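Following: one structure in structure tokens, then a few remarks.
The values are calculated or read from the model by the stated rules, or taken from the named source; none is laboratory data. No experiment lies behind these values; they were computed from the predicted model shown. Every residue, glycine as well, gets a Cβ built from its backbone with ideal geometry; the counts of neighbours run over all protein chains shown.
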There are 2 protein chains.
Amino acid sequence: MRALVTGGAGFIGSHLIDRLVARGENVVVLDNLSSGDLAFIQHHLDTGRATLVEGDLCSLEDVMGAMALGIDTVYHLAANPDIRLGTRVTDTDLRQGTVATYNVLEAMRLHEVKRIAFASSSVVYGEGAPMPTPEHHGPCMPISLYGASKQAGEGLISSWVGTFGLQAYIFRFANIIGARGTHGVIFDFIHKLKADPTRLEVLGNGLQEKSYMEVGDCVDAILHVMDHSDAPLNLFNLGSHDTASVRQIAEIVVEVTGCTNAAIEYTGGDRGWAGDVPKAMLAIDKMLATGANVRMNSAEAIRHTAKVLLEEIGLE
Amino acid sequence: MRALVTGGAGFIGSHLIDRLVARGENVVVLDNLSSGDLAFIQHHLDTGRATLVEGDLCSLEDVMGAMALGIDTVYHLAANPDIRLGTRVTDTDLRQGTVATYNVLEAMRLHEVKRIAFASSSVVYGEGAPMPTPEHHGPCMPISLYGASKQAGEGLISSWVGTFGLQAYIFRFANIIGARGTHGVIFDFIHKLKADPTRLEVLGNGLQEKSYMEVGDCVDAILHVMDHSDAPLNLFNLGSHDTASVRQIAEIVVEVTGCTNAAIEYTGGDRGWAGDVPKAMLAIDKMLATGANVRMNSAEAIRHTAKVLLEEIGLE
């Protein structure tokens, strides 16, 4: 068994590789190290269980090079991690999301690799979906360019399933948080408090409310679902049982960092930025029906993440 | 009022321009003339009511040039018309569909053009959807690369609505047929009978069953819906009240062409090619609720189209 993990040096990718190696698999990592960090996977590179191909998914040639190494399953996690970027730069998600996914699929077709797992996102549902949102919700009308690229990736994958006989697992993630986080609200809050421990600026009114899932729960669920669902196309929401508000997150981060005198200041408005979905909670019945587990609820995952990121980032 | 019609020299685009000009609008046509035909719009070019910009939607610069001409509404119809091509060439729909739509949206953003209508397709629903299929059906999992590019276009548009305040009309078309058709099953059948009037090869078992809408009904419905629906994002199926089978189409074309001795030969299988959705019928309640009309049912549209295409193509 040899897996290819795109974005394998990144946040979720590196945790997935920990699990794959623990299961006895060998892993090829394709990463351009733009937001990933070699330190996250260095232990597996040292033991030879993981092999790094430094390359860019925007280049079909780079993807073909990695795909040539005897791959049976592709875990396609690489993407621009910064949802907000699309409000300023409009072609990043198109290139690093949609075109990159095309390149992965085309390289799979040419190398006859037949199985893919894809990191999609709850943001494909757009705004105003019923909460919790089931997989069959429609129409899916994303409001961020990142969400558009995830939806485009899903469609490309389903078309490859229908046209070329691929087997695919599409996972729509809640907000995934935890150790090695390189972006997101908790990461941002700690960096803000590091710069100025007396105040914490929060984008929006703090009432944005979303579901948070710890990254260890996420990668375990991915592998569990893949072991227990065997359709040509498998679509699963991955999330936790509840939600937390940005206000709660701010309070937990202030407490964990010990910056208890920090003034929490809200910029106002119902969302962090144009294209931010203010409320999101996924229905996870389908995932739970496979027997997959979620150990932490949203608040627990947030507290855990605040502690480990505080250690990683530091306040000094 | 000045409209930009991408693919305006094509099948549906040229009919839309007839209507727009009849309503007193001036039209800019952006077309690379790859499958369109100048003859379809020459009468409007001659009167000066339409202006041709010969350019490629894969070039942002070309699209910017057309968008600079004082546009208020974009009708984005251009696309690769050959759904089957994706089974052999995998990047055409990505480039001429997804990337082209991105270029249209980016040029609109840069030129502050705020209103778009988009020709999407029933094929975004994929296979196994309930019939008739309502707009809120989910999940949408297209099985053709063409379908994937239409879904990607929809997502890009909805993300521009959410992020940059565009107003959009997304139309999911049934099979649109009629005069000036440049592709599709009736077009193919007439060309096959022209080459050999003694036999007609039909891809699949002929039991594929879809909804057909006459192109005049289609462009009238587009303009009617846009006049009567004013949400930021408007999603409408456009189709007719019933379906016809490929077998019925073959029989009508044989009759209309007078090739009544032609042996109709089926290649077998439940679909024409990998990625062909064998059964499709759209729910059109939402469209009808705006007061839009459908004059022809599927069989009438097929007979009408066979007659006019026979005149256009000829059998000699």
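Structure notes:
- Counting only helices (runs of 4 or more DSSP H) that fall entirely inside the stretch A:205-316 and contain at least 2 residues that are touching a helix residue (DSSP H, G or I) at 6+ places or on another chain (Cβ under 7 Å) and closer than 20 Å to A:LEU16 by Cβ, the qualifying elements are A:215-228, A:298-313.
- Any chance A:THR87 is farther than 29 Å from B:GLY86 by Cβ and either aromatic (Phe, Trp, Tyr) or within 14 Å of another protein chain (Cβ to nearest Cβ) (or both): yes
- Boolean, B:ILE170 is in contact with a strand residue (DSSP E or B) (Cβ under 8 Å, 6 or more places away or on another chain), among the β-branched types (Val, Ile, Thr) and either outside any helix (DSSP H, G or I) or within 18 Å of B:GLY8 (Cα to Cα) (or both): yes
- Checking each residue in the stretch B:36-80 for being of a type in the set (D, E, K, R) and under 17 Å from B:GLY97 (Cα atoms) picks out B:ASP56, B:GLU61, B:ASP62.
- Selection within the stretch A:224-243 - away from chain B (no Cβ under 14 Å) and surrounded by fewer than 19 Cβ atoms within 10 Å (Cβ to Cβ): A:HIS224, A:ASP227, A:HIS228, A:SER229, A:ASP230, A:HIS241, A:ASP242
- Subset of the stretch B:90-106 [more than 11 Å from chain A (Cβ to nearest Cβ) and buried (at least 21 other Cβ atoms within 10 Å of the Cβ)]: B:GLN96, B:ALA100, B:VAL104
Results for (1) among the small types (Gly, Ala, Ser); (2) more than 14 Å from A:ALA250 (Cβ to Cβ); (3) surrounded by fewer than 24 Cβ atoms within 10 Å (Cβ to Cβ), shown as yes or no for each residue.
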| residue | (1), (2), (3) |
| --- | --- |
| A:TYR125 | no, yes, no |
| A:GLY128 | yes, yes, yes |
| A:HIS136 | no, yes, yes |
| A:LEU145 | no, yes, no |
| A:SER149 | yes, yes, no |
| A:GLU154 | no, yes, no |
| A:ALA179 | yes, yes, yes |
| A:GLY184 | yes, no, yes |
| A:LEU193 | no, no, yes |
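- Among the conditions (1) closer than 27 Å to B:THR87 by Cα; (2) over 18 Å from the mean Cα position of the chain (by Cα), A:GLY147 misses just one, which is (2).
- Sole residue being surrounded by 16 or more Cβ atoms within 10 Å (Cβ to Cβ) and over 26 Å from B:CYS140 (Cα atoms), chosen from B:MET281, B:MET296, B:MET287: B:MET296
- Test: residue in the stretch A:34-49 that is buried (at least 23 other Cβ atoms within 10 Å of the Cβ), more than 19 Å from the chain's Cα centre (by Cα) and away from chain B (no Cβ under 14 Å): no
- Among the residues making up the stretch B:204-222, those that are surrounded by fewer than 19 Cβ atoms within 10 Å (Cβ to Cβ) and touching a strand residue (DSSP E or B) at 6+ places or on another chain (Cβ under 9 Å) are B:GLY204, B:ASN205, B:LEU207, B:GLU209.
- Of A:ALA179, A:ALA195, A:ALA79, A:ALA174, all but one fail to be at pLDDT 95 or above, away from every other protein chain (no Cβ under 13 Å) and farther than 30 Å from A:ARG295 by Cβ; the exception is A:ALA195.
- For the stretch B:178-204, a residue qualifies if it is of a type in the set (A, V, I, L, M) and assigned to a loop (DSSP other than H, G, I, E, B), and the qualifying residues are B:ALA179, B:LEU203.
- Selected residue [surrounded by 15 or more Cβ atoms within 10 Å (Cβ to Cβ), in contact (Cβ under 8 Å) with a residue 24 or more places away in the chain and within 14 Å of another protein chain (Cβ to nearest Cβ)] from B:ALA301, B:ALA274: B:ALA274
Listed here are the residues, each with its yes/no results for (1) over 21 Å from B:MET141 (Cα atoms); (2) assigned to a loop (DSSP other than H, G, I, E, B); (3) facing another protein chain (nearest Cβ under 10 Å).
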{"residue": "A:LEU52", "(1), (2), (3)": "yes, no, no"}
{"residue": "A:ASP56", "(1), (2), (3)": "yes, yes, no"}
{"residue": "A:ALA117", "(1), (2), (3)": "no, no, no"}
{"residue": "A:SER120", "(1), (2), (3)": "no, no, no"}
{"residue": "A:MET131", "(1), (2), (3)": "yes, yes, no"}
{"residue": "A:TYR146", "(1), (2), (3)": "no, no, yes"}
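- Residue count for the stretch B:170-202 satisfying the condition of being over 15 Å from B:ARG247 (Cα atoms), of a type in the set (D, E, K, R) and within 19 Å of the chain's Cα centre (by Cα): 2.
- Number of residues in the stretch B:240-288 that are under 18 Å from B:ILE83 (Cα atoms) and of a type in the set (A, V, I, L, M, F, W, C) equals 6.
- Test: residue in the stretch B:82-98 that is among the hydrophobic types (A, V, I, L, M, F, W, C) and over 19 Å from A:LEU156 (Cβ atoms): no
- Qualifying positions in the stretch B:58-77 - surrounded by fewer than 16 Cβ atoms within 10 Å (Cβ to Cβ), outside any loop (DSSP other than H, G, I, E, B) and touching a strand residue (DSSP E or B) at 6+ places or on another chain (Cβ under 7 Å): B:GLY65
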